[in-house]
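Below you'll find the structure, written out as structure tokens, and then a few comments.
The values are calculated or read from the model by the stated rules, or taken from the named source; none is laboratory data. Since this is a predicted model, take the numbers as computed values, not measurements. Cβ sites come from the backbone with ideal geometry, for glycine too, and all protein chains shown count toward neighbours.
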Amino acid sequence: MKGDAAKACPPNGVSQAMDERASSEEKMEERGQWGNKLEFVLSVAGSIIGLGNMWRFPYLCYKNGGGAFLIPYLIFLFTCGVPVFFLEVALGQYTSQGGITCWRKISPLFEGLGYGTQVIVALLNFYYIIVLAWGIFYLSYSFSWDLAWSSCNNTWNTGSKCTSKNTSIGLTINPNVTSPVIDSSWRYLTVVERMLRISPGLDHMGSLNWDLVLCLFIAWVMCYFCIWKGVKSTGKVVYFTATFPYLMLIVLLIRGLTLPGAAIGIQFYLYPDLGRLADPQVWMDAGTQIFFSYAICLGSLTALGSYNKYNNNCYRDCMALCFLNSGTSFVAGFAIFSILGFMSYEQNVPISEVAESGPGLAFIAYPRAVSMMPFSPLWAALFFIMIVFLGLDSQFVCVESLVTAIVDMYPTIFRRKNRRELFLLGVVFVSFFVGLIMLMEGGMYVFQLFDYYAASGMCLLFMSIFETVCIAWVYGADRFYDNIEDMIGYRPGCYFKYCWLFFTPATCIGTFAFSLIKYTPLKYNNEYVYPWWGYAIGWLLALSSMVCIPLWMVYKISTTKGTFREVTFDPREQENLLAIFAADGEDTVTRNCYYPVSETDTNL
């Protein structure tokens, strides 16, 4: 009898009436699930373990007091990172929905939270892949015995004031601007000189760098075919893309630790300077690093978790993934700074003069250090292959998050034969052409605006505040614990509940307020001041995601009749929306063809 009821109902929460309408046209495709637990774990690992683990964490650790930086890092990790990470994965698994409709199910009033996270993801898709294009470009120049950035015998710098090792150079950026004299012992070929051909300012965009256009096209082609069949293709691709970077990291780590001077770099990386903890900026850096490296408040974790089986032990998975993520960041610091220590030793200069922040660490300092090693093309190729795969994983998961959110909003439109693939192609097409702006001579200024404002720590903190308030205070922390218990068979410790109720929102509010008080306008390379309209564009990028929450609340309240509680909770809507298909099919089907998680959860 129970089996007959299950057969009578379509999968993935689609109503019977809807299925009957669809059958007259063409059959709606199933939403899909991961083939096994490992596919989910590797997909999340590939998403959260990205380029920031390789270049941002090691530099922040060195910059902010070495080992002392781990104190604020761990505090933010356990009060914000792990609780929000678990919340988003569990939410996706419970609702079986993407980053927008999951919040509609929890509380219609907070649906704007989903729109805000997807705006961030859309903006992130435009510019994050640019770094991947840089990696492909550098990789293409690694397959020659004489690395292009280690000599002046290239078509783009033969005529410039470029000299050989241990001398000074002046880099001619364009006919009217010459950069300051810098140390050529580690800047033969910089991002400015060859890759970006940077213009004097944002108001001089110049022409396209066609070499990088080709690299960007290759990056988007790889991204498309990694996810074009949804979790069916993604689950298979991650077996290689998520594991291969670890092999490269181990190889580079062993090589770095065996070089002379490696101990110098490791000492600078880890030596604790407890006095730095008095600087509020150190704590701000720790907080933003947690949000960046754990990919929280982007909807991607919710999307990945939504493809889990209902009874998957997401709690255990999340704890293992959090440990893996932070552990990778820590170990990557040894690989990076052992090489920089070798470079400092060879050049007899302080390591502070060779350490770069951000992309400069991966695309200037490290490549130059590699060029000083025996068999340098081999190590350069291995390093940039690792960079490409680290970036590719994070990129295609972000795209998948956006596509999943839209498809779940309009399943009757996109869950048809080839429609999802065509929609994905449209997303890739638009993102590619928007990204071309950042490949122009003035594109680096645009890239920095996106990086500083669009997906800034301020935006992510704002989203985190509302996520925890919605789950813990509006929906109910105890009620969400009941849902988790129904999925995994037991209740996690009360630690997460109290974090969602108090510690996480309080920490995020404090950090958000501090970021506003201490806000400093962006300066490119700490020198170039953007025009006023450049900063206006930056703030529009930042506010475009944050305003989604209050605007949706105003819209929902003004268009829905009833009391505030009735606007926040629609009993009939939640009776349908919060009923989930149990993976094992043991529960009895409701009149609307849903499997309720529990009787108490559906009778609101």
| task | Would you mind listing the helices (runs of 4 or more DSSP H) fully within region 469-563 where at least 3 residues are over 24 Å from the mean Cα position of the chain (by Cα) and within 30 Å of Q281 (Cα to Cα)? | result | 494-498, 532-546
| remark: Picking from F512, F462, F502, the residue that is out of contact with any strand residue (DSSP E or B) (no Cβ under 8 Å at 6 or more places or on another chain), of a type in the set (F, W, Y) and touching a residue at least 60 places away in the same chain (Cβ under 8 Å) would be F462
| message | Checking the conditions here, which among G112, G65, G92 is of a type outside the set (V, I, T) and modelled with pLDDT under 95? | response | G65
| said: Within region 55-129, considering only helices (runs of 4 or more DSSP H) that don't extend past its boundaries, which have at least 3 residues that are small (G, A, S) and over 23 Å from C494 (Cβ atoms)? | reply: none
| note | Restricting attention to region 393-425, the residues that are under 15 Å from A133 (Cα atoms) and either modelled with pLDDT under 90 or in contact with a Gly (Cβ under 8 Å, 6 or more places away or on another chain) (or both) number exactly 2
| message | Among the residues in region 430-444, are any without any contact (Cβ under 8 Å) to a residue 40 or more places away in the chain and in a helix (DSSP H, G or I)? | response | yes
| note | Within region 39-52, residues in a helix (DSSP H, G or I) and either touching a Ser or Thr at 6+ places or on another chain (Cβ under 9 Å) or closer than 23 Å to A332 by Cα (or both) come out as E39, V41, L42, S43, V44, A45, G46, S47, I48, L51, G52
| said: Out of V427, V370, I need the residue that is in contact (Cβ under 8 Å) with a residue 60 or more places away in the chain and either touching a strand residue (DSSP E or B) at 6+ places or on another chain (Cβ under 7 Å) or farther than 24 Å from W55 by Cα (or both). Which one? | reply: V427
| remark: Subset of region 287-307, residues at pLDDT 90 or above and surrounded by fewer than 24 Cβ atoms within 10 Å (Cβ to Cβ), comes to S293
| note | How many residues of region 205-224 are among the β-branched types (V, I, T) and within 13 Å of V399 (Cβ to Cβ)? The answer is 1
